[in-house]
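Engineer: Pasting a structure here, questions to come.
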Amino acid sequence: MNKHIYIYSPSSAVRDKFAFKRGVKRLTALGYEVEVDEAALRSHGRFAGNDETRLAAIHRASASRADVALISRGGYGITRILPGIDYKAVTNAVDRGTRFVGFSDFTAFQMALLAQTGAISWAGPALGEDFGAKEGADDIMEACFDDLITGQGEGSGWRLPKKTPNKKITEVMDPSCAKATNDIYSIHDSVLWGGNLAMLTSLVGTPYFPVVKNGILFIEDVGEHPYRVERMLAQLIQAGALAHQKAIVFGHFSDYKLVPHDNGYKIGSVIDWLKSQVTAQVLTGLPFGHVATKVILPVGLRVTLDVEGRDAFLLWGHQH
């Protein structure tokens, strides 16, 4: 039986209809059964329909019994409808086997779901940007998606950049939860959470910001200058959200422009500053964000982070 994918639009209106159609065509060619929500191409201002329309789309996705509920795109729009989401219905769908997948603005939904219910969702692609990319869908992204939908995914790995050496694990880890040398260590049984940094910080102080202790936080963003990235991280530090994390993992921070005034200040500067402010391991290079090559990550699931030299792995085993 073909795996069932439900496409819906909980955030911004779909402007690139060609990318949407390419995405549907690509998923169909891969052998999936694709169902498109009745309001997926609606438009109301900048949004994919008014608030009630987009809430109804989320609830239809929850009732669809699909293997994957996949967003058409991100943008902005979920934050304003968080109070209206039926989190019990979403959790029931997760328990039945529906995997809610997306990124960018979808981070708001994922954090709210985690805060309200503890249910697991998946940070991964969107229909138009990824499966409908004009140059073709990325092979690694598609392979990770197939692993997810078939229940075969066990984890994700990547190569740490040379210029961002890690702190010694012995500086920050309790021996009860890690065995380490300078460049070989494991962090066990830690909740993986995070996503888009701007969305995370926008939820601080609300009921939709999860309280995660001893977790592994992953972050990414697009179009945010390094000083704004640092400002958001400072907010998370001052709010106490980073005080008890075991690791902070940077994905891609893309599409920003440095100016002469920066005088050498860049994302690397932000990372160096963050390392001086937290006791957590700070890792970089995670293939996730507003980029073609992205892995799929279980938000809210307990995982293991293994590092051997420059090889890093997030491991969680099969999820059926």
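The values are calculated or read from the model by the stated rules, or taken from the named source; none is laboratory data. Every value quoted in this text rests on a predicted model; they were computed, and no experiment measured them. Every residue, glycine among them, receives a Cβ derived from its backbone with ideal geometry; neighbour counts consider all protein chains shown. Side chains are part of the model used for accessible areas, which takes the heavy atoms of the whole protein and leaves out ligands, DNA and RNA. Shrake-Rupley method; radii C 1.70, N 1.55, O 1.52, S 1.80 Å.
Engineer: For Gly23, which of the numbered conditions (1) of a type in the set (Gly, Ala, Ser); (2) outside any helix (DSSP H, G or I); (3) touching a residue at least 40 places away in the same chain (Cβ under 8 Å); (4) farther than 18 Å from Leu113 by Cβ fails to hold?
Structural biologist: For Gly23, the exception is condition (2).
Engineer: Open to solvent by 60 Å² or more (accessible area, probe 1.4 Å) and modelled with pLDDT under 95 - does that describe any residue in the range 45-67?
Structural biologist: Among the residues of the range 45-67, not one is open to solvent by 60 Å² or more (accessible area, probe 1.4 Å) and modelled with pLDDT under 95, which makes the answer no.
Engineer: Let me ask something else about it. With respect to His225, is the statement that it is at negative phi and in contact with a Phe, Trp or Tyr (Cβ under 7 Å, 6 or more places away or on another chain) true?
Structural biologist: Yes, satisfied.
Engineer: Kindly indicate whether any position in the range 217-230 is out of contact with any helix residue (DSSP H, G or I) (no Cβ under 8 Å at 6 or more places or on another chain), acidic (Asp, Glu) and surrounded by 15 or more Cβ atoms within 10 Å (Cβ to Cβ).
Structural biologist: Looking for residues that are out of contact with any helix residue (DSSP H, G or I) (no Cβ under 8 Å at 6 or more places or on another chain), acidic (Asp, Glu) and surrounded by 15 or more Cβ atoms within 10 Å (Cβ to Cβ), one finds none in the range 217-230, hence no.
Engineer: Could you tell me how many of the residues in the range 265-320 are more than 16 Å from Asn196 (Cα to Cα), in contact with a Ser or Thr (Cβ under 6 Å, 6 or more places away or on another chain) and open to solvent by less than 10 Å² (accessible area, probe 1.4 Å)?
Structural biologist: So the answer is 1.
Engineer: Now a separate question. Taking Gly151 as the residue in question, decide whether it is touching a residue at least 12 places away in the same chain (Cβ under 8 Å) and touching a His at 6+ places or on another chain (Cβ under 6 Å).
Structural biologist: Here the answer is yes, as Gly151 does meet what is asked.
Engineer: Turning to a different aspect of this structure: Taking Thr28 and the conditions (1) open to solvent by 40 Å² or more (accessible area, probe 1.4 Å); (2) touching a residue at least 24 places away in the same chain (Cβ under 8 Å); (3) closer than 18 Å to Pro125 by Cβ, which numbered condition does it fall short on, given that it satisfies the others?
Structural biologist: Against the list (1) open to solvent by 40 Å² or more (accessible area, probe 1.4 Å); (2) touching a residue at least 24 places away in the same chain (Cβ under 8 Å); (3) closer than 18 Å to Pro125 by Cβ, Thr28 comes up short only on (2).
Engineer: Select the strands (runs of 3 or more DSSP E) contained entirely in the range 246-320, then report the ones holding at least 2 residues which are over 16 Å from Gly155 (Cα atoms).
Structural biologist: The qualifying strands (runs of 3 or more DSSP E) are 247-254, 281-283.
Engineer: Right, something else. Conditions first: (1) closer than 20 Å to Met199 by Cβ; (2) assigned to a strand (DSSP E or B). Arg231 passes all but one, so which condition is the exception?
Structural biologist: The single condition Arg231 does not satisfy is (2).
Engineer: Then there's this: Looking at (1) open to solvent by 10 Å² or more (accessible area, probe 1.4 Å); (2) under 22 Å from Tyr32 (Cα atoms), can you tell me which one Arg80 breaks?
Structural biologist: In the conditions (1) open to solvent by 10 Å² or more (accessible area, probe 1.4 Å); (2) under 22 Å from Tyr32 (Cα atoms), Arg80 misses (2) alone.
Engineer: Need a quick list: strands (runs of 3 or more DSSP E) entirely within the range 47-159 having at least 3 residues that are over 16 Å from Leu301 (Cα atoms) and not small (Gly, Ala, Ser).
Structural biologist: 68-71
Engineer: Can you name every residue in the range 213-228 that is of a type in the set (Lys, Arg) and either touching a Ser or Thr at 6+ places or on another chain (Cβ under 9 Å) or part of a loop (DSSP other than H, G, I, E, B) (or both)?
Structural biologist: Hit for the range 213-228 is Lys213, nothing else.
Engineer: Quick check on Ser121: is it surrounded by 24 or more Cβ atoms within 10 Å (Cβ to Cβ), farther than 19 Å from Gly195 by Cβ and among the hydroxyl-bearing types (Ser, Thr, Tyr)?
Structural biologist: no
Engineer: Let me ask something additional. Restricting to the range 83-118, and then to whatever is farther than 28 Å from Lys25 by Cα and touching a His at 6+ places or on another chain (Cβ under 9 Å), can you tell me which residue is surrounded by the most Cβ atoms within 10 Å (Cβ to Cβ)?
Structural biologist: Across the range 83-118, the extreme among qualifying residues is Ile85.
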